[in-house]
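Participant: Please find one structure pasted underneath; my questions will follow.
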Amino acid sequence: MVEIIAVDGPAGSGKSSVSKQVARALGFGYLDTGAAYRALAWASSHGFVVGLEDNPDVALSGFEYSISLDPDYFWVRVGEHDVTESIRQPEIAEIVSSVASIPEVRVFMKNLTLRLVEGSNLAGVVVEGRDITTVVAPDAKNRILLTASEEVRLRRRSAELAPEAAKNVERHVLQRDAQDAKVVEFMTPAPGVKLVDSTELNFEQTVSAVLAAVR
């Protein structure tokens, strides 16, 4: 049985970079579950997945997805297409929440996540996303909600983006929070989930806080 460390958090909370570093420290794999939603949005917008809203089960059966679980060598593919960079484009960010709001998609993604973890042959995997602690891996021994104040999250996300994209960061982040909040609860820890608030912490301190919560 592969150990899962489940990490949830809103946009700009630092969950991706922190989870990668935690995985490195523990010698675990790292799984960005959000990449699958973005890859599906990319596949839908480029015609590789057809009829997602009208007939999601049939559409999802044609979704050929693969992802690296190595925190030091990250890639995402749809079929033979490397979409590692493409899925980070603003046009994908605009549509990913609508894709994620489809109930059949969320069930598919949960099952996909668990298959990737169990097929990894690793001792453990740090799995990060939006509903990992409550829906995907509610029985994981270590479940963590990583959050930060809205001001800090907006500042961090702006620093990650190119100048032309950063000017729209507040609209994107708040819109994403509002849309995702309709589907999952990601701001309040569920019973048994440990809260790590990184508002007053730098990156290294946040990693240490998560490792302390795990250990």
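Computed from the coordinates by the stated procedures, all read-outs in this text should not be read as laboratory data. Here the structure is a predicted model, which means the values were calculated and not measured. Note: ideal-geometry Cβ built from the backbone for every residue, glycine included; neighbour counts use all protein chains shown.
Participant: Answer yes or no as to whether Leu116 is assigned to a loop (DSSP other than H, G, I, E, B) and touching a residue at least 40 places away in the same chain (Cβ under 8 Å).
Facilitator: Details: assigned to a loop (DSSP other than H, G, I, E, B): no; touching a residue at least 40 places away in the same chain (Cβ under 8 Å): yes.
Against the criterion (assigned to a loop (DSSP other than H, G, I, E, B) and touching a residue at least 40 places away in the same chain (Cβ under 8 Å)), Leu116 does not qualify.
Listed here are the residues, each with its yes/no results for (1) surrounded by fewer than 18 Cβ atoms within 10 Å (Cβ to Cβ); (2) touching a strand residue (DSSP E or B) at 6+ places or on another chain (Cβ under 7 Å); (3) small (Gly, Ala, Ser).
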{"site": "Asp57", "(1), (2), (3)": "yes, no, no"}
{"site": "Leu60", "(1), (2), (3)": "no, no, no"}
{"site": "Glu64", "(1), (2), (3)": "yes, yes, no"}
{"site": "Val83", "(1), (2), (3)": "no, yes, no"}
{"site": "Ser86", "(1), (2), (3)": "yes, no, yes"}
{"site": "Gln89", "(1), (2), (3)": "yes, no, no"}
{"site": "Val99", "(1), (2), (3)": "no, no, no"}
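Participant: Assuming Leu145 fulfils every condition listed in (1) surrounded by 15 or more Cβ atoms within 10 Å (Cβ to Cβ); (2) of a type in the set (A, V, I, L, M); (3) out of contact with any helix residue (DSSP H, G or I) (no Cβ under 8 Å at 6 or more places or on another chain) apart from one, which condition is it?
Facilitator: (3) is the only condition that Leu145 fails.
Participant: Which residues, counting only those in region 103-126, are surrounded by 16 or more Cβ atoms within 10 Å (Cβ to Cβ) and among the β-branched types (Val, Ile, Thr)?
Facilitator: Selection gives Val105, Thr113, Val117, Val125, Val126.
Participant: Which strands (runs of 3 or more DSSP E) sit wholly inside region 1-113 and have at least 1 residues that are among the β-branched types (Val, Ile, Thr)?
Facilitator: Working: elements: 3-8, 29-32, 65-67, 76-78.
Passing ranges, in order: 3-8, 65-67, 76-78.
Participant: Continuing with this model, one more query. Inspect region 49-65 for any residue being closer than 28 Å to Val207 by Cβ and touching a residue at least 12 places away in the same chain (Cβ under 8 Å) and give the result as yes or no.
Facilitator: No - not one qualifying residue is present in region 49-65.
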